[in-house]
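Values in this text are rule-based calculations from the coordinates and carry no lab data. Everything numeric in this text was worked out from a predicted model, so none of it was measured. Cβ placement follows ideal geometry from the backbone for every residue including glycine, while neighbour counts extend to all protein chains displayed.
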Amino acid sequence: MSDLGPPYGYALRRNGSCYDTENDCGQTWSPYHACCPKGTVCTHNSSDNCCRSEADCGNILKEDPHCGNTTGVLYLENNYFCCADGTAAFAWIENGWVGCADSVSVLGSAYSLLSPVSTTQSTSTTTNTSTTSASTVTSQSKAATIPATATAESTASSDSSSTGSSSNTNTGAIAGGVVGGVAGLALVALLIWYFVYRRAQAARTARPHAMSYVGPRVKNYQPTELQAEASPPIYELALNTPTHRNDTI
């Protein structure tokens with residue numbers, strides 16, 4: 001928390017000239033002037049900072065942004081500034097310059113209306129250089145203002161949803177690829193088993209039966225019978241063949 005409470009803070013922009021109780025820190029968007037309370041110093045680096053001394057206190061004021069004049073209304077567009085209560089704050093769309101106006105009827109389509117910074121949100125907005133977004137206003141009517149935080153949150157939500165959807169899609173694709181690969185391998189294995197089985201069956205069916213071997217025959221071979229005599233020879237004993245007798249004594 002900054003120790004630069006009011007009357008130190010951001011200068012209040014007044015139409016025409018500053019009050020007698022204020023220091024005129026110079027003209028901003030004509031005819032408006034930046035006004036700091038008496039007892040504060042307008043720094044050379046920024047006429048919108050009301051500090052204790054010539055040393056710029058802008059970085060310290062960003063820790064706890066507030067107007068030096070407690071009746072002022074705080075705005076943020078690139079940097080903090082304050083407009084008098086009852087006036088409007090705007091930004092030039094082309095280059096981002098800011099200013100205060102007594103009436104929105106003087107603003108054309110080249111300008112956008114800004115929303116006040118809530119005092120309860122001022123601390124958190126110091127870390128975000130664009131917490132409010134302005135709507136384009138015409139010379140006929142005051143357009144509604146949409147805080148930039150809502151736009152940022154919507155964009156972040158959309159990005160998160162897109163990222164989650166992409167992540168889910170990638171996960172599903174990977175899972176599908178894995179399942180498809182496993183199914184493909186199973187099909188290939190089944191086909192290999194089927195062909196091996198069929199080949200084994202065919203081999204068993206085509207096995208030859210046992211056969212006897214017959215040697216080659218001589219060309220023009222005709223069977224013949226062995227020659228034999230009509231009757232075998234008859235051998236007779238000789239007439240003078242001695243005989244043996246056994247004499248008994």
statement: Here the net charge surrounding ASN45, from other residues whose Cβ is less than 11 Å away from its Cβ (Lys, Arg +1; Asp, Glu -1), is -3
Under 12 Å, Cβ to Cβ, from GLU22 - net charge with Lys/Arg +1 and Asp/Glu -1: +1
field: Rough spin-label spacing in nm, given labels placed 7 Å along Cα→Cβ, for ARG52 and ASN15
entry: 3.7
field: Order of LEU191, LEU12, LEU76, LEU107 - criterion: other Cβ atoms within 10 Å of each residue's Cβ, fewest first
entry: LEU191, LEU107, LEU76, LEU12
message: Can you compute the FRET efficiency between ILE60 and VAL106 using 1/(1 + (r/R0)^6), with r the Cβ-Cβ distance and R0 = 35 Å? Round to the nearest 0.05.
response: 0.50
- prompt: Expressed as a whole number of Å, what is the distance separating the alpha-carbon centroids of segment 58-91 and segment 177-200?
  reply: 76
statement: A correct Kirkwood calculation over the Cα atoms of segment 9-113 returns a hydrodynamic radius in Å of 13.7
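With a sphere of radius 11 Å drawn around the Cβ of ASP3, what net charge do the other residues whose Cβ falls strictly inside it have (Lys, Arg +1; Asp, Glu -1)?
On the way: positive: ARG52; negative: GLU63, ASP64.
Neighbour charge sum, excluding ASP3 itself: -1.
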